[in-house]
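One structure is given here, and the rest of the page talks about it.
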Amino acid sequence: MSRSTIIDTPVARLNAFPIFAKVEGRVVAIVGAGDEAFAKARLMVQSSAHLRIIAVEPTAQLADWAAVNGVEILSATYRAELIADAALVFAATDDLDADRRIVADARALRIPVNAVDRPELCDFFTPALVNRAPVAVAIGTEGAGPVLAQMIRARIDLMLSPQLGALARLAAGFRDAVEKRVPRGVARRRFWKEFFTGETARQIDVGQVDAARGTATALLERGGATQGHVALVGAGPGAEDLLTLRAHRLLMEADVIVHDALVPEAVIAMGRRDAERIAAGKRKGCHSKTQSQINALLVELGRQGKRVVRLKSGDPLVFGRAGEEMAALRDAGISYEFVPGVTAAFAAAADFELPLTLRGVSSSMVFTTGHDLKGGPLPDWARLAIGGATVAIYMGRSVAADVAQRLIDAGLAPDTAVAVVENASLSAKRLFHGTLADLPRLQAREDLTGPVMTIIGDAVAGANFERSQALAAHAGARLDLKENAT
């Protein structure tokens with residue numbers, strides 16, 4: 001008989017192995033009255049332990065907090081019998097000799113003890129904690145880097161849905177039924193994957209607990225077979241760190257990512273590595289797919305039981321044709337959801353430190369595309385612009401001269417302030433400023449190859465122009481104010 005040898009790959013060894021201690025209904029004692037004791041008390045109050053603070057003179061802040069949270073305070077001089085019934089002990093006196101005595105007493109009583117900020121005296125370390133009870137994620141550094149542990153905790157906290165605990169509690173209620181009705185192996189793994197990432201989880205996320213219970217029951221009845229779902233997700237203006245947390249979670253769960261041409265690779269790369277990627281870009285003069293083809297694609301993927309993220313630049317509800325895709329999905333009976341994104345107008349305003357509304361100057365906004373101002377009657381909202389509204393124009397470089405001329409002809413002052421941003425939010429962004437009369441120069445700027453956002457209005461005068469270039473500095477047509485102003 002052949003024999004094989006298993007060789008483990010060497011790994012770094014942990015000096016403190018992570019475990020979860022049962023503390024429900026048991027005493028956890030904290031000895032101390034100051035900030036260190038308070039910090040441990042706030043950590044442990046997240047558990048179901050009976051918390052006891054031993055302090056001769058607790059601070060007023062600690063005493064008030066304990067009263068609000070139902071925490072026991074023993075106003076007594078420390079002695080060993082006060083910790084004898086504890087499951088865990090914290091020495092937090094800020095006095096080395098006192099902490100050493102508490103550690104010695106706890107060990108004599110065979111109680112695990114932690115001396116705050118004294119790792120050499122500790123039997124255990126308290127982790128940085130992400131609490132989604134009954135789910136918990138603990139991050140420890142063996143006392144070497146508490147700040148590092150908190151930084152990691154913050155990142156994990158952002159990744160996990162705030163409703164993850166509610167989802168876990170619902171799962172516990174289905175465990176026995178799943179054991180009885182869903183076969184072990186692939187079928188059961190498929191059930192739980194769909195449970196934790198599918199419609200049940202989405203309903204829990206928005207607080208629809210009863211609906212989630214019904215969805216989970218239906219999932220159980222069909223043995224865990226998955227149903228397709230499409231999320232119409234706003235990718236934001238381009239910078240990957242402006243993606244919302246919900247968008248990021250959906251990208252990590254997606255089987256297929258259908259993305260627009262303007263969505264940067266850095267954003268697409270935030271999805272699951274093994275997710276299928278389909279380019280469905282529609283840029284001026286270059287359409288890889290028609291809108292009807294995109295609609296049909298989303299429906300087909302949904303019918304295949306895929307989890308799809310339809311990734312759109314900016315916000316899907318702002319000039320994103322999301323309404324057409326939503327109608328196609330609704331007609332086909334495919335479940336869908338919207339996830340808003342940071343629209344380009346807001347990103348451009350942030351780049352310029354520009355208040356889109358300004359008390360006493362502008363109290364309304366208009367979002368439009370340059371093509372709405374080219375030919376035909378002037379839209380009704382033009383009156384709002386003349387009345388002081390801030391106007392944000394998407395995709396307007398090629399019609400800048402026509403936009404400027406028609407607005408001036410309608411009565412908007414030629415010296416109305418204008419801000420222009422190419423590649424809003426990205427490191428490659430370029431900023432330009434001027435007046436409405438200068439705007440035609442933008443049309444001559446063939447070097448502007450990225451998406452351009454133009455903001456017009458009196459509120460623009462409040463922007464920071466230190467990092468922008470003057471439109472007037474570039475050679476090109478400028479409106480003849482005497483001839484065209486009204």
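The table that follows gives values for the structure above.
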| item | result |
| --- | --- |
| Any hit, region 173-196, residues being of a type outside the set (Gly, Ala, Ser) and closer than 22 Å to Gln46 by Cα | no |
| Verdict on Ser398 being polar (S, T, N, Q) and touching a strand residue (DSSP E or B) at 6+ places or on another chain (Cβ under 6 Å) | no |
| Helices (runs of 4 or more DSSP H) completely within region 182-233 that count 2 or more residues being of a type in the set (Lys, Arg) and free of Cβ contacts under 8 Å to residues at least 60 places away in the same chain | 186-197 |
| Identity of the residue in region 418-449, within 26 Å of the chain's Cα centre (by Cα) and within 19 Å of Phe367 (Cα to Cα), that ends up surrounded by the fewest Cβ atoms within 10 Å (Cβ to Cβ) | Ser425 |
| Exclusive hit being of a type in the set (Ser, Thr, Tyr) and in contact with a strand residue (DSSP E or B) (Cβ under 9 Å, 6 or more places away or on another chain), set Thr217, Thr200, Thr226 | Thr226 |
| Candidate set: region 228-267, residues that are of a type in the set (Val, Ile, Thr) and buried (at least 19 other Cβ atoms within 10 Å of the Cβ); chosen: the one farthest from Phe346 (Cα to Cα) | Val256 |
| Cross-chain or 6+ apart pairs with Cβ under 7 Å, region 150-169 first and over 18 Å from Lys193 (Cβ atoms), then among the basic types (Lys, Arg) | Gly165/Arg132 |
| Residue in region 91-108 that is among the hydroxyl-bearing types (Ser, Thr, Tyr) and free of Cβ contacts under 8 Å to residues at least 24 places away in the same chain present | no |
| Filtered residues of region 244-265 (kept if more than 16 Å from the chain's Cα centre (by Cα) and not in a loop (DSSP other than H, G, I, E, B)) | Val256, Ile257, Val258, His259, Glu265 |
| In region 54-75, residue farthest from Ala98 (Cα to Cα) [restricted to those that are of a type in the set (A, V, I, L, M, F, W, C) and touching a Leu at 6+ places or on another chain (Cβ under 7 Å)] | Val71 |
| Filter result for Val403 (crowded, with 21+ Cβ neighbours inside 10 Å, under 34 Å from the mean Cα position of the chain (by Cα) and outside the structural domain of Val318 (by TED's automatic domain parsing)) | no |
| Within region 1-114, helices (runs of 4 or more DSSP H) holding 2 or more residues that are modelled with pLDDT under 95 and more than 36 Å from the chain's Cα centre (by Cα) | 60-69 |
| Which numbered condition Arg272 fails, given (1) assigned by TED's automatic domain parsing to the domain that holds Ala171; (2) modelled with pLDDT under 90 | (1) |
| Residue within region 32-42 that is at positive phi and crowded, with 17+ Cβ neighbours inside 10 Å present | yes |
| Restricting region 205-227 to residues that are within 23 Å of the chain's Cα centre (by Cα) and under 24 Å from Ala332 (Cα atoms), the residue that is surrounded by the fewest Cβ atoms within 10 Å (Cβ to Cβ) | Val206 |
| Filtered residues of region 117-146 (kept if β-branched (Val, Ile, Thr), assigned to a strand (DSSP E or B) and buried (at least 16 other Cβ atoms within 10 Å of the Cβ)) | Val130, Val137, Ile139 |
| Looking only at region 311-368, and only at residues there that are outside any loop (DSSP other than H, G, I, E, B) and of a type in the set (D, E, K, R), the one that is farthest from Leu251 (Cα to Cα) | Asp351 |
| Sole exception among (1) surrounded by fewer than 19 Cβ atoms within 10 Å (Cβ to Cβ); (2) under 30 Å from Gly305 (Cβ atoms) for Arg359, by number | (2) |
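The values are calculated or read from the model by the stated rules, or taken from the named source; none is laboratory data. What you see is a predicted model, and the numbers here were worked out from it, not measured in a lab. A quick note on method: Cβ atoms are made from the backbone with ideal geometry, for glycine too, and the neighbour counts reach across all protein chains shown.
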